Amino acid sequence: MKVFVTGASGYIGGSVAKALLDAGHTVYGLVRNPDKMEPLRKIGIEPVLGKLEDTDILTEYARLSDAVIHTADSDHLQAVETIIAALRGSGKPFLHTSGSSVVGDDARGDTASEQIFDEETPFVPMDIREERVAINKLVRKAGIEEWVRGIVIVPSMIYGHALGLPVESDQLPQIIRKSRELGAGVHVGKGVNRWSNVHIKDLARLYVLALEKAPSASYFFAENGEESYGDIAKAVSDALGYGGKTWSWPADQAIAELGDWARFAIASNSRVRAAHAKNLLGWAPKEESLLSWIKHHLKE
């Protein structure tokens, strides 16, 4: 297939693009920065210079391609609407990237939720995730009403080295950065809040499987285990040579420094199970666990 990937120079997008290339597909990669075009060419991606606001470019490459995978911005409504309009009536796959913070709570690190979600579990999103949930529903609705094979992939906390360009994930690097700043493994509040997680290589394989096999209007959590932020902080501390020492970052301070991102990304609970991915697609994660990866690769 010819696949148009937005965010091709990013952590998820670049890794997915590389996995697509390895599977024999052709990849057009949307990139904002001209400096990233040549590195993309070197790994086999045909770069497309543009932004998500460039509706003409999105429309052109969505129609040129056999499928679209959107990884650049989960909350960019205009881009999603543009891609759906371009693909309307074609039956082509449109894979949209969300994130499992949609089921997150406002624990601020101080409570461990007993609630575990699979793809069929009803939930009410936090206020700062209502728009993301609405976009997810729009993509799935297109899979029913617009003759677009709309698919939503919902990764949990992602870790591991990117498969494409040397870029980082989101949550874990912030914890590592703050831990290095303070000389101790950092967690928000009591650190008892729990998040599911997935290795980037396993996640990239899921995108390839979903592209090839997923039915229209599908919704897939991506996870292969879970940990508390307190245990993550201790593992980071050990890996960085701080002897397991940890430090509680008050939620208000974390939010003041990192914005609402801290509230839903590192202070909440997000416990999910990838039932559909494993049972419907045969997705079988095989990479090492999060704590093992921290122990063996953090200093790389």
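Of the residues making up the range 185-218, those that are of a type in the set (S, T, N, Q) and either surrounded by 24 or more Cβ atoms within 10 Å (Cβ to Cβ) or not in a strand (DSSP E or B) (or both) are ASN193, SER196, ASN197, SER216. If you go through the range 228-262 and pick out every residue that is surrounded by 19 or more Cβ atoms within 10 Å (Cβ to Cβ) and within 17 Å of the chain's Cα centre (by Cα), you end up with 1.
Contact map, the range 172-198: residues that are on the phi > 0 side of the Ramachandran plot paired with residues that are crowded, with 24+ Cβ neighbours inside 10 Å and not in a helix (DSSP H, G or I), Cβ distance under 7 Å, separation 6+ or inter-chain. Pairs shown: GLY189/GLY109; GLY189/ALA267; GLY191/GLY109. For the criterion of being in a helix (DSSP H, G or I), surrounded by fewer than 22 Cβ atoms within 10 Å (Cβ to Cβ) and touching a strand residue (DSSP E or B) at 6+ places or on another chain (Cβ under 9 Å), ILE57 passes. Pairs are defined by a Cβ separation below 6 Å, a sequence spacing of at least 6 or placement on different chains, a first member in the range 47-70 that is closer than 22 Å to ILE151 by Cα, and a second member that is surrounded by 17 or more Cβ atoms within 10 Å (Cβ to Cβ) and among the small types (Gly, Ala, Ser); the pairs so defined are LEU52/ALA72; LEU52/ALA79; ILE57/GLY50; THR59/ALA86; ALA62/ALA86; ARG63/ALA86; VAL68/ALA62.
State which residue is farthest from GLY225 (Cα to Cα) when the search covers only the range 98-128 and only residues that are part of a helix (DSSP H, G or I) and at pLDDT 95 or above. Step through it out loud before you land on a result.
As a first pass, look at the range 98-128 and keep what is part of a helix (DSSP H, G or I): 100-103, 127-128.
Restricting the remaining residues to those that are at pLDDT 95 or above gives 100-103.
Values: SER100: 13, SER101: 16, VAL102: 18, VAL103: 16 Å.
The extreme case among them is VAL102.
Please indicate, with yes or no, whether at least one residue in the range 278-295 is among the hydrophobic types (A, V, I, L, M, F, W, C) and touching a Ser or Thr at 6+ places or on another chain (Cβ under 6 Å). Looking for residues that are among the hydrophobic types (A, V, I, L, M, F, W, C) and touching a Ser or Thr at 6+ places or on another chain (Cβ under 6 Å), one finds none in the range 278-295, hence no. Among the residues making up the range 128-148, those that are farther than 16 Å from LEU95 by Cβ and under 20 Å from the mean Cα position of the chain (by Cα) are ILE128, ARG129, GLU130, GLU131, VAL133, ALA134.
The set of residues in the range 17-54 that are surrounded by fewer than 19 Cβ atoms within 10 Å (Cβ to Cβ) and part of a helix (DSSP H, G or I) comprises LEU21, ASP22, PRO34, ASP35, MET37, GLU38, PRO39, ARG41, LYS42. Taking the numbered list (1) over 17 Å from TYR219 (Cα atoms); (2) among the β-branched types (Val, Ile, Thr); (3) surrounded by fewer than 20 Cβ atoms within 10 Å (Cβ to Cβ) in turn, ILE175 passes all entries but (3).
Contact map, the range 142-162: residues that are more than 14 Å from ASN224 (Cα to Cα) paired with residues that are among the β-branched types (Val, Ile, Thr) and part of a loop (DSSP other than H, G, I, E, B), Cβ distance under 6 Å, separation 6+ or inter-chain. Pairs shown: ALA142/VAL148. When the residues of the range 263-300 are filtered to those that are at pLDDT 95 or above, of a type in the set (A, V, I, L, M) and assigned to a loop (DSSP other than H, G, I, E, B), the one that is surrounded by the fewest Cβ atoms within 10 Å (Cβ to Cβ) is ALA284. Of the listed requirements (1) touching a residue at least 60 places away in the same chain (Cβ under 8 Å); (2) crowded, with 19+ Cβ neighbours inside 10 Å; (3) part of a helix (DSSP H, G or I), PHE221 misses just one: (3).
Only one of ILE158, ILE144, ILE176 is of a type in the set (A, V, I, L, M, F, W, C) and touching a Phe, Trp or Tyr at 6+ places or on another chain (Cβ under 8 Å). Can you tell me which? So that I can check it myself, show each step before the final result.
On the way: ILE144 fails: touching a Phe, Trp or Tyr at 6+ places or on another chain (Cβ under 8 Å); ILE176 fails: touching a Phe, Trp or Tyr at 6+ places or on another chain (Cβ under 8 Å).
When all the criteria are applied, what remains is ILE158.
The values are calculated or read from the model by the stated rules, or taken from the named source; none is laboratory data. This structure is a prediction, so every number in the text was calculated from the model and none was measured. FYI the Cβ positions are ideal-geometry reconstructions off the backbone, even for glycines, and counts take in every protein chain you see.
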